[in-house]
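The values are calculated or read from the model by the stated rules, or taken from the named source; none is laboratory data. A quick note: this is a predicted structure, and the numbers were derived from the prediction, not measured. Cβ sites come from the backbone with ideal geometry, for glycine too, and all protein chains shown count toward neighbours. Please note that ligands, DNA and RNA were not included when accessible areas were found on the heavy atoms of the full protein model with its side chains. Shrake-Rupley method; radii C 1.70, N 1.55, O 1.52, S 1.80 Å.
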Amino acid sequence: MATIDVLLPVRNGIAFLAESLDSVRAQRFADWRMLVLDHGSTDGSRELAERYSAQDRRIEVHSFPQADGLAGLLNHGLDITDCRYVMRHDADDVCYPDRMDIVLEAFAAQPGVAAVGGQADVIDGAGAPIGDMKMPIGVKRVSVAGLFCNPIAHPAAMLDFAQMQARGVRYGADFLQALPPGQSLRVQGLAEDYFMFGQLAIEGKCTNVPQRLIKYRRHGNNVGATKFQAQMDMSLQVSRFLARSLCAAHGLPYVDPAPFCNHGGMLFDVGGGSDFSAQFAQMARNLRRVFGDSQEVERELAFRKAVSTRRELLLLWRYFRFQSRNAPENGEWNAIRSWLVGRFPGKSRIHVAAEAAV
């Protein structure tokens, strides 16, 4: 049994697969096994992975062409996992050599945490740097952020497999079970990672390290680029499910999180409303009651308060006031920008946000 099992799903990803595999093999930490999960590739991806397997016994190739979406494919991987920690890695991303060491140290320092992610550099299809991905740091920050956006970058995540097994954590499944069956949710694709990490986050089981763990490749074939609107719709469903589950578990009044979400770097039009200050006040009371008063909680609430208006000038003023006191993170400025630009004739906030995600 290896300390870490790496789940690497691939479907016709041969363009970047070799670089991705090489980056795992270059890890300074050597006690790992890689499970390449092929989802019916026809471009030679499976054959390339098999050549790597012949050279390195730590690499195994498993084919699941009939898997039900990415969630089903990853669950097949969990079925054959036998390790202490599960690390996710994508076929088009690149690990930094100390990724495993950094995350294992984070688990050792916080034994109650079930998932650890981190920061990322963003590269284009040619490997050139085009930006960075900044994720919230601290268990309480991640807990609160998880209601409004995905608090963990899936390709940079590692999970405690023993805790996953003990809780019955699976992709696409409601393992909180705080709601009646008729209000439960199942997510087979588009936001299966957010569905899992969001549930763990509101239980106080997730955090991010400040170090950059991967190079995240952004190109025209990313799901966020090809199915942006559907992904945003599903993400909003997940946010509402998480809010209902949190409120039910703690006996709190439900507040719709939609006005305060920034999925995909965009704000949502919620019934044409422009002032959500009353909803924000109740939501803030709920979150302080569950997670307590702390700088981490207040940092997250500060941004949600800024976006509790849809009046353009007030929104912009609130954001710059927020920015003067806090370092912006993933999708925060893009959410403001896409809303403001989308108000001009001929512009769509969805198109503006989708273009920023490519």
task: Can you spot the lysines whose alpha carbon is less than 20 Å from Lys205's alpha carbon? Ignore those fewer than 8 places along the same chain.
output: Lys134, Lys140
query: In what sequence, largest accessible area first, do Trp317, Trp339 appear using a 1.4 Å probe?
result: Trp317, Trp339
query: In percent, how large is the relative contact order of the stretch 1-159, given Cα pairs closer than 8 Å and 6 or more residues apart?
result: 27 percent
message: Using a 1.4 Å probe on the protein heavy atoms only, what accessible surface does Arg212 show? Give it in Å² to the nearest 10.
response: 110 Å²
- prompt: If R0 is 30 Å, what FRET efficiency do you get for Asp269 and Ala128 from their C-beta distance, rounded to 0.05?
  reply: 0.30
- prompt: For the stretch 72-230, what is the relative contact order in percent, using Cα pairs closer than 8 Å and at least 6 residues apart in sequence?
  reply: 37 percent
message: When the expected Rg is taken as 2.2 N^0.38 Å, what fraction or multiple of it is the alpha-carbon Rg of the stretch 1-115?
response: 1.03
- line: If amide H atoms are modeled at 1.01 Å from N in the peptide plane, then the residues at a separation of 5 or more from Arg84, or on another chain, having amide H under 5 Å from its own are Ile4, Asp5
- prompt: What residues have an amide H closer than 5 Å to that of Asp68, excluding those fewer than 5 places away on the same chain, when H is modeled at 1.01 Å from N in the peptide plane?
  reply: Leu73
query: So, in nm, how far is label His62 from label Gln229 when the simple model puts each one 7 Å beyond its Cα toward the Cβ?
result: 3.7 nm
Placed amide H near Cys95: partners under 5 Å, 5+ positions off or other chain: Ser23, Val24, Lys215
task: Estimate the FRET efficiency between Ala54 and Gln177 by the formula 1/(1 + (r/R0)^6), using the beta-carbon distance for r and 45 Å for R0, to the nearest 0.05.
output: 0.55
message: If I compute solvent accessible area with a 1.4 Å probe over the protein chains, what percent of it on the chain is carbon and sulfur?
response: 50 percent
query: So what's the back-of-envelope 222 nm ellipticity for the chain, counting only DSSP H runs of four-plus at -39500 (n - 2.57) apiece and dividing by all residues, rounded to 500?
result: -13500 deg cm²/dmol
- request: Please work out the C-alpha center-to-center distance from the stretch 283-336 to the stretch 23-62 and express it in whole Å.
  value: 42 Å
message: Taking θ = phi - 60°, what integer Hz values does the Karplus form 6.51 cos²θ - 1.76 cosθ + 1.60 yield along the stretch 138-148, in sequence order, with x for Gly and Pro?
response: x, 4, 6, 4, 5, 4, 6, 4, x, 7, 10
- request: Using Cα pairs closer than 8 Å and at least 6 residues apart in sequence, work out the relative contact order for the chain, in percent.
  value: 16 percent
- prompt: Which option, (1) 20.8; (2) 21.4; (3) 23.1, is the value of Kirkwood radius over Cα pairs in Å that was calculated from these coordinates?
  reply: (1)
